[in-house]
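The block underneath contains the structure these notes are about, expressed in structure tokens.
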Amino acid sequence: MSLLHWEVGISSRVWLTLLAAAVLAGCGGTVEKQSTDVPAVPGDSRSADATDTGLDRQDVADLDSGTPGQDTVDSDAAGPDAVDLDASAPEVTNDADSSSSDLADGAVEPVAPGTLLWRYEHKLTVDYGPAIDSVGNLYFQGNTTVATDPDGPTLISLTPDGELRWGVRNVPGSVPAPPVTIAGKMLVVPATRSDTEELLGRVSLYSLEGDPLGQLDTDGPMGDGAAWTAQGLVVAPARSVFAFDGEVPAWDKPFALIGKGLTGTNVAVSPQGILYVGCRGEDKNLYAINQADGAELWRRNTGDVYLSPLAVDFEGNVYAVDFGGLLSVVAPGGGELWTAKVGDGSGIALGGDGTVYLSTAVGYIEGTLLALRKGADGKAELVWERWLQHQGINTPALSDGGTVYLGDNCRRFLAVDAATGDELWSFIPPEIDPAEDICAGGWSSATIGPDGTVYASTSHPGFLHAFAGDGTGLAQDSPWPMDFHDAAHTGSLEQ
């Protein structure tokens, strides 16, 4: 039976997103590293049937100086403290044999896909894959767990080999901690402040070396990341939608939502520069916003709130899954193109051939990974579905070699063939007995590096893992191959 017609329960990721508006966690944590030699598990037979991120964008200014839709379309001042990290942190060793082999052609022996290259123990709760700069350095933030130092770093940068570059204590974060965005030569780090009675947001700005550059306050909790547009604007979703040009507001006032609404998704930027955001609370609309002045272009209400990350294709069509499990594909003018009932769904990765990849929850335990597309009759057509042992609800990542990577909400990270859904390999952390149904706190979404390395975190315990992928970076023919579009997490397809 196709999951396109199933209703399902609340996933842990959605529960955390809802909880972000009311429950906050402190930040901190010590930094440890640990390596392990754990082979991936070969794929089973249970299937149901970018490139470099150094984007060519202008530098941010110096901080010192279809058919009609279902609904009518309506036209603290101190910077964060740097943490004094122990320079003699434990050394990370590669688990794969990375030394050059004496092959006949003198080439380095290839590493098998699914090989664990290294892992870094951060002990944080991390829901999103790391951002990657043009030379391969990694940046991520998370919230503390019971095992972390309350004064430790919550924003961490690693080298491509998993060595610690620096770590700082960012402002207390929400649940989940939003991803980091690389905006040219600057890091944009949203978080929710828990040091105030009212839930307020803050966007902290850092250099790529971890130096604080400034802070921008918003009016509410921030569960998802910022976007960075080709015009050099930082767009931050909170209780309202803010746009900043450096430390100066780009609009006279932020884009206000209806009543006690809250943004529930990332801001996705179309090739034409239109800003899209989905909302929750009293406001259940999907909005299109003019980037130039913050004016509303249109809104769409499907009857439920939006919590899963948005995606946009080359034509400027927006893909959104509401909390009722309806996937809507909406044209740039606001008209509905097609829909599919997918259940409790994740964010979306788009294939170059129009295939939509997303993961789901089925009840409170199991889940699926789906591939679907618009059929010849204009309705949704299921390409394949793969059952997961545990819920998905993490956005898949699509490689140029045709591999989809996904971690579930419990313990298993896997790679599947994008064309067939056949499992290629999977991995369970070594501290988890595969024979026992015990979770590792769930996986973050994944990031694919330009060299094909795949990065994803677990939260309990907190490790960032680096896997050998299929040897290719993000799918080059895809308009939106992963969470927040690219490995820099710009959230923007603007040209």
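Readers should treat all values here as calculations from the given coordinates under stated rules, not as data from a laboratory. Quick caveat: nothing in here was measured; it's all calculated off a predicted structure. Note that each Cβ is placed from the backbone with ideal geometry, even for glycine, and that neighbours are counted across all protein chains shown.
Dipole magnitude for region 292-369: computed about the Cα centre from +1 point charges on Lys and Arg Cβ and -1 point charges on Asp and Glu Cβ, it is near 120 debye.
Apply the a/c threshold of 1.5 to the C-alpha gyration tensor of region 127-252 and tell me whether it is rounded, prolate or oblate.
oblate
Sorted fewest first by neighbouring Cβ atoms within 10 angstrom, H460, H489, H390 come out as H460, H390, H489.
Here the peptides 116-129, 410-423 are ranked by packing, the mean other Cβ count within 10 Å, and the order with the highest first is 116-129, 410-423. Of the trypsin sites (Lys or Arg not before Pro) found in region 139-190, the ones in coil according to DSSP and having at most 15 other Cβ atoms within 10 Å of their Cβ are K185. From the largest down, region 267-371 spans 44, 36, 19 angstrom on the principal axes of its Cα atoms. Subtracting the Cα-Cα distance of Q389 and K374 from 0.36 nm times their residue separation leaves 2.7 nm of extension gain. Peptides 332-343, 308-319 ranked from most to least packed give 308-319, 332-343, packing being the mean of other C-beta atoms within 10 angstrom over each peptide's residues.
I need the shape label for region 444-495. Rule: rounded when a/c is under 1.5, else prolate if a/b > b/c, else oblate, with a, b, c from the alpha carbon gyration tensor. Verdict is oblate for region 444-495. Extension gain for the segment E163 to D451, taken as residue separation times 0.36 nm less the Cα-Cα distance, is 101.9 nm to one decimal. Distance between the modelled labels on D293 and A435, one decimal in nanometres: 6.9 nm (7 Å Cα→Cβ projection). Highest mean packing comes first when the peptides 397-406, 219-228 are listed by Cβ atoms within 10 Å, giving 219-228, 397-406.
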